[in-house]
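Have a look at the structure below, then the notes.
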Amino acid sequence: MRQRLTSEALVALVAGVLFGAGLALGGMTDPARVRGFLDLFGNWDPTLAFVMGGAVLVMAMAWLIQPRMIRPLFTDVFNLPKARDITPRLVIGAGLFGVGWGLAGLCPGPGIAALVIEPLSAAVFVATMLVGMVLVRLFEKDA
C-alpha cells in the first residue's frame, strides 16, 4: 500500500537533508578534522568551533521563539524533553559518547551523513553504533 508524503514527513526530510549537508559542508563528517578539534593540547584545529557556535546560535534562537508560539507549524504539539535531572545513566552515556566521538572522529549525525561521502568507513561506525543501541535496549529495562 502506497502512502502519501505528509507535510510532517516532507518537513522532516528537508530538515534531515539540510542537517546532513550542513554537517558535511562544515567538516563534521571528516574524522581527522574532528580529532584535530578534540586534540586541545596537540595540533588543535579550531575550525569546528565555528560550526558548533553557529549551531548553538540557531538553537538559542529556537528556544527563544518556541515559548511565544501557540503550536508548532507542522504538527499539533511540541515534543520537548521534560527530564532535567542529572542521573548516573546520563553521565555514563555522555562519557561513552565522548570516548566514541574521540576514538572514531564521528558521532551519530555526522556518522550517518558520512555514509554518503565515505560509505565503507562510516558504515563500520554506524553498524557499531546500532549494535550499541540494541545492547542498551536488551540490557536496560527502562531504556
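Here are a few things to note about the model shown:
- Along the axis of the charge dipole computed for the chain (Cβ charges of +1 for Lys and Arg, -1 for Asp and Glu, origin at the Cα centre), the listed residues GLN66, GLY109, VAL136 are led at the positive end by GLN66.
- Comparing ALA24, SER121, VAL11 along the charge dipole axis of the chain, the residue lying farthest to the positive side is VAL11, per the Cβ-charge model.
- Dipole size of the chain about its Cα centre, with +1 on Lys/Arg Cβ and -1 on Asp/Glu Cβ: approximately 440 debye, rounded to the nearest 20.
- Gaussian network model of the chain, springs between alpha carbon atoms under 10 Å - residue of LEU115, LEU48, LEU64 with greatest fluctuation: LEU64
- Annotation note: chymotrypsin sites (Phe, Trp or Tyr not before Pro) in region 60-143 located in DSSP loop regions with a Cβ neighbour count of at most 13 within 10 Å are PHE74, PHE78.
- Helical mean residue ellipticity (222 nm; -39500 (n - 2.57) per DSSP H run of 4+; nearest 500) of the chain: -22000 deg cm²/dmol
- Of the trypsin sites (Lys or Arg not before Pro) in region 30-135, the ones in a loop by DSSP (not H, G, I, E or B) with at most 10 other beta carbons within 10 Å are LYS82, ARG84.
- Charge dipole (debye, nearest 20) of region 1-83; +1 at Cβ of Lys and Arg, -1 at Cβ of Asp and Glu: 340
Each reported figure results from applying straightforward, stated rules to the coordinates on display, with no laboratory input. In this text the structure is predicted, and so the values were computed from the model without any measurement. Note that we place each Cβ from the backbone using ideal geometry, even for glycine, and neighbour counts take in every protein chain shown.
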